[in-house]
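First the structure, in the form of structure tokens, and then the observations on it.
No lab work stands behind these numbers, since they all come straight from the coordinates. Predicted model, so just to flag it, every value in this text is computed and none were measured. Quick reminder, even Gly has a Cβ in these numbers, built from the backbone with ideal geometry, and neighbours come from all protein chains shown.
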Amino acid sequence: MNPSLSKNTWLREWSGPLTAELARTPGSFGLGQVPLRLAPDSLVSMVCGYCSTGCGLNVHLKDGRAVSLTPDPHHPVNLGMACPKGWEALTPLAAPDRLTTPLLRDRQTGRLEPVSWIRAMSEFVSRMRGIQERHGPHSLAYLSTGQITTEEMALLGSLFKFGMGGLHGDSNTRQCMATSHVAYKQSLGFDAPPFTYADFEESDVLIFVGSNPCIAHPIMWQRVLRNPHSPEIVVLDPRRTETAVNATLHLALKPKSDLTLLYGLAAALIQAGAVKAEFVNAHTTGFAEFAQFVAEFTPERVCLAAGLERPDFDRCVNLIAQGKRVSFWWTMGVNQGHESTRTAQAIINLALMTGNIGRPGTGANSITGQCNAMGSRLFANVTSLLGGRDTSNPDDRTHVARILGIPVERIPTEKSWAYDQILAGIDTGDIRGLWVIATNPAQSWIDQHRFLDRLKKLDFLVVQDLYSTTEMAQRADLILPAAGWGEKEGTFINSERRIGVLKNVSPAPGEALSDFSIFRLVAEAWGCGQLFREWRTPEAAFQILKRLSAGQPCDFTGIRDYRHLDEAGGIQWPYRAGQEDRLPASETRERRLFADGGFFHADGRARFHFEHPVPVAEPTTNEYPYVLLTGRGTSAQWHTNSRTGKSAILRALYPADLYLEIHPEDAGRLGLVGGGQVRVSSRRGTLLADVLITPTVSPGQVYLPMHYPEVNRLTCAQFDPYSRQPSYKHCAVALARP
Ligand SMILES: Nc1nc2c(c(=O)[nH]1)N[C@H]1C(S)=C(S)[C@@H](COP(=O)(O)OP(=O)(O)OC[C@H]3O[C@@H](n4cnc5c(=O)[nH]c(N)nc54)[C@H](O)[C@@H]3O)O[C@H]1N2
Ligand SMILES: Nc1nc2c(c(=O)[nH]1)N[C@H]1C(S)=C(S)[C@@H](COP(=O)(O)OP(=O)(O)OC[C@H]3O[C@@H](n4cnc5c(=O)[nH]c(N)nc54)[C@H](O)[C@@H]3O)O[C@H]1N2
Ligand code: SF4
Ligand SMILES: [Mo]
């Protein structure tokens, strides 16, 4: 049977204005079939759905079916290149464990059984409502993602908070970009990464802090390789990563000594007369206090703390002092730390004090992780109100209510709990029902055993995913089958603030629905569908997002519609209505922020933030003598491997089993042999891994790639106090022969 027909049938059965509408216009709701506006034999361009680089990919349609994919040679981001995940992006859609119907756990047998959407929705509503009636409206929570479209995130955040009366919702962006969000907001006045990818090619000095783009952002790294200025590349990473090997200077600092080192660099730059006083005086506040604060971070002190040789430190200072266009880039080695916000701000401070921001080839540049973490930072309605507004500000609430056409009383005045607080709320009985969308925290959240124990305490767990086999799905009471990238429409925002479109080029299997349609169904079933009547299609929702962006730093009211985005190869915010006529030709394809030195605080000035470094939660001891670092393994593996593990081509590009990187000296002392096994234990758990002996890690440190299910058994739940981002990259472990 034609799957789309069966969908229409059940949709018609379930009465209600929305469902009738869905049944009438299936294509535009991502209900499975290729929208009519795509010619059956054509080349369809769309943005990649893995990492935040946002490469343009061309999907080749034959007889209305996606048959292959090639990188878009004209796309301003990737210029015809793609990494293995991008090339293989269609393969995971056809995996045999795709969900084709909702699954409900039978209370008698404990097994997950297929049910209709009507049953799934009535179960969702009756059990979630029941929890709210028994334990109050805030006893529900959701955990979402940076991997669904901006339209979907905004609808979910609005539905849950304004429609269902919930308050607590967060996403895996907390695991990833929360630090950058808070750091930018406090320092620059808005969460605004200032760069454009051309900056990779225009710098004469690039400094990567806790960032391994060779593996995690390979196409950004290709842009670095195109830099014609023979740039100096400095890498601050405890490991000799693929990126560090390609650097002109690798500072293999001790794990989590970044803040001390960055303050030391600031002090030495001040000593070297490298401060751009004119810029600092005109555009910043707090420099004098900062200069006084860092004075005690002498080269001797910081080299000792960071385990660096003085000549390497001096060389780094000279490169920054003498560089004409210095750019600073950071990723998870910074964000996933116990003092990560101040560390990110220490990087921002270096760019500000040396005037390296707002000009080509400069910037304090946080590289994003997931394809749409930037969308979630602006529109998920999680830490800020839609469009980067402030939940606690009555004017902002009134404004958003007016734009959405909803009563202002529906907008909560309080902020949601952060991810870790929501989980702690399960222990205290405050959170009883959890809805998990497009994230797999049963593998990816820190301190896994504790996480899994908490799941058992829930009254009701709903998981919305592509696959029935993920660690989360297996534990759900109800699974909602979602359409994935390539099976739906919407937009993503990449690392350089570029909004790109994705398209529906492949039918979703069985009764799987786009997340957008699922949220609309929930709204309808909950009885609040009327509040979201304007959110008819993803593109209609995009028009609402435009209005929400108006007047904000992220204003993109100048973008007409999806077609406009498509024709332009994506458009970076800001792009205000009328701006297209005023932009110089050189800036229509890419733009950076702060060219005029004006920042987003009310006084137009950027701020220096700083604070004394503090020790890690779990230093090594005699019993647990090694520091465990975790992160990405290969360019072919994506997070919990639910998608990348489906491709035979990608599987051939990474080791099948978990492996531990260990220095030859340590391996020798412990009698470990390459290819043999090692038991790795922390205070919270233990695992077995294959031994990979390599000098890329320093003695006393070991490394596990995060893509294998066991890794987070070991990690230690410590959080940055400002961003509440987990510190995945530091805990103490013991090693033993099994
Ligand atoms: N292939 C692939 N690409 C991806 C992803 C993926 O899963 N697979 N995920 C995407 C996502 S969501 C993200 S967030 C990004 C992550 O991108 P990256 O942050 O570049 O990747 P990681 O390997 O997590 O961490 C980077 C480096 O931080 C270093 N590090 C550890 N501790 C410290 C420290 O104390 N100080 C410093 N300076 N460095 C430290 C690690 O050794 C590691 O090399 O990648 C994105 N791209
Ligand atoms: N030890 C350690 N742990 C880490 C990290 C680390 O460096 N070290 N990094 C952290 C970081 S930066 C991140 S971002 C997280 C990532 O952690 P997760 O978000 O848990 O990882 P993913 O595997 O990307 O999970 C996405 C899920 O969504 C599903 N999915 C994909 N597309 C769609 C869709 O369109 N709709 C729906 N409904 N579902 C979809 C996938 O099948 C998958 O199950 O991991 C964190 N965990
Ligand atoms: S670099 Fe990122 S966006 Fe580009 S193809 Fe690879 S995964 Fe996709
Ligand atoms: Mo991430």
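Show me 327-337, 252-262 ranked by packing, highest mean number of other Cβ atoms within 10 Å first.
Highest-to-lowest ranking by the protection proxy: 327-337, 252-262.
For segment 609-649, how big is Rg over Rh, using alpha carbon atoms and the Kirkwood form of Rh?
Value, to two decimals: 1.24.
I'd like the distance separating the alpha-carbon centroids of segment 365-396 and segment 408-480, in whole Å.
If we compute the Cα centre of each part, the gap is 20 Å.
Can you give the convex hull volume of the alpha carbon atoms of segment 270-383 per residue, in Å³?
About 147 Å³ per residue, rounded to a whole number.
Expressed in whole Å with the largest first, what are the equivalent ellipsoid semi-axes of the chain derived from the C-alpha gyration tensor as the square root of 5 times each eigenvalue? Can you show the working numbers first?
Working: eigenvalues 310, 185, 127 Å².
Equivalent ellipsoid of the chain: 39, 30, 25 Å, largest first.
Between HIS564 and ASP63, how high is the FRET efficiency from 1/(1 + (r/R0)^6) when r is the Cβ-Cβ distance and R₀ = 30 Å? Nearest 0.05.
That gives a FRET efficiency of 0.55.
If you take every DSSP beta bridge fully contained in segment 605-738, what fraction is antiparallel? Give it as a percent rounded to 5.
Once the DSSP bridges in segment 605-738 are tallied, antiparallel ones form about 60 percent.
In terms of Cα to Cα distance under 17 Å, which lysines are near enough to LYS161, apart from those fewer than 8 places away along the same chain?
Excluding near neighbours in sequence, the set is LYS415.
Could the peptides 727-733, 598-604 be put in order, highest first, of the mean number of other beta-carbon atoms found within 10 Å of their residues?
727-733, 598-604
Please identify which residues in segment 691-720 have an amide N closer than 11 Å to a label point set 7 Å out from the Cα of VAL673, following the Cα→Cβ vector.
Flagged as within label range: none.
Which of the aspartates and glutamates could a cross-linker bridge to LYS646, judged by Cα under 12 Å and excluding same-chain residues fewer than eight apart?
Within reach: GLU88, ASP97.
At a 10 angstrom cut-off on C-beta neighbours, averaged per residue, how do the peptides 507-517, 88-98, 60-70 rank from highest to lowest?
507-517, 88-98, 60-70
How about LYS276: which lysines have a C-alpha closer than 26 Å to its C-alpha, ignoring those fewer than 8 places off in the same chain?
Straight-line reach from LYS276, under 26 Å: LYS185, LYS324.
Counting alpha carbon pairs within less than 8 Å and at least 6 residues apart, what relative contact order, in whole percent, applies to the chain?
Working: 1681 pairs, mean separation 146.3, N = 738.
So the answer I get is 20 percent.
Translational diffusion coefficient of segment 128-226 at 10 °C, 1.306 mPa s, Stokes-Einstein with Kirkwood Rh over Cα pairs, in µm²/s as a whole number.
D, rounded to a whole number, is 94 µm²/s.
Output the antiparallel fraction of DSSP beta bridges having both residues in the chain, as a percent to the nearest 5.
Bridges in the chain that DSSP calls antiparallel: roughly 45 percent.
Can you list residues whose amide H is under 5 Å from SER144's amide H, if they're 5+ apart or on another chain and H is modeled 1.01 Å from N?
Under 5 Å from the amide H of SER144 lie the amide H atoms of ASP170, SER171, ASN172, ILE437, each far enough along the sequence or on another chain.
Quick one: if you stick a label point 7 Å off each Cα along the C-beta vector at ALA39 and ASP427, how many nm between them?
Inter-label distance under the simple model: 6.0 nm.
For ARG589 and LYS324, FRET efficiency with R0 = 25 Å and r from the beta-carbon atoms, rounded to 0.05?
0.60
With unit charges on the beta carbons (Lys and Arg positive, Asp and Glu negative) and the dipole taken about the Cα centre of segment 92-156, which residue among ALA120, THR145, LEU93 sits farthest to the positive side?
Of the candidates, ALA120 comes out farthest on the positive side.
At R0 = 51 Å, how high is the FRET efficiency between ARG310 and ARG737 if r is their beta carbon distance? Nearest 0.05 is fine. Intermediate values should be presented prior to the final figure.
Details: r = 39 Å, r/R0 = 0.76.
About 0.85, to the nearest 0.05.
When all alpha-carbon pairs of segment 178-367 are counted, what percent fall beyond 23 Å?
35 percent
Under 14 Å from a label point 7 Å along Cα→Cβ of LYS415: give me every residue in segment 689-723 with its amide N that close.
Residues 720-723 qualify, since their backbone N sits under 14 Å from the label point.
Report, as a whole number in µm² per second, the diffusion coefficient that Stokes-Einstein gives for segment 511-609 at 4 °C and 1.567 mPa s using the Kirkwood radius over alpha carbon pairs.
On the way: Rh = 16.2 Å.
My calculation gives 80 µm²/s for D.
Working only with C-alpha atoms, what are the Rg and Dmax values of segment 626-736, expressed in angstrom?
Gyration radius and largest Cα-Cα distance of segment 626-736: 14.3, 43 Å.
Starting from the 7 Å offset along Cα-to-Cβ, what nm value, one decimal, do you get for the label separation of THR398 and GLN292?
Modelled inter-label distance: 4.1 nm.
Please list the three semi-axes, largest first and in whole Å, of the ellipsoid equivalent to segment 427-523, using sqrt of 5 times the eigenvalues of its alpha carbon gyration tensor.
Semi-axis lengths for segment 427-523 are 28, 17, 13 Å.
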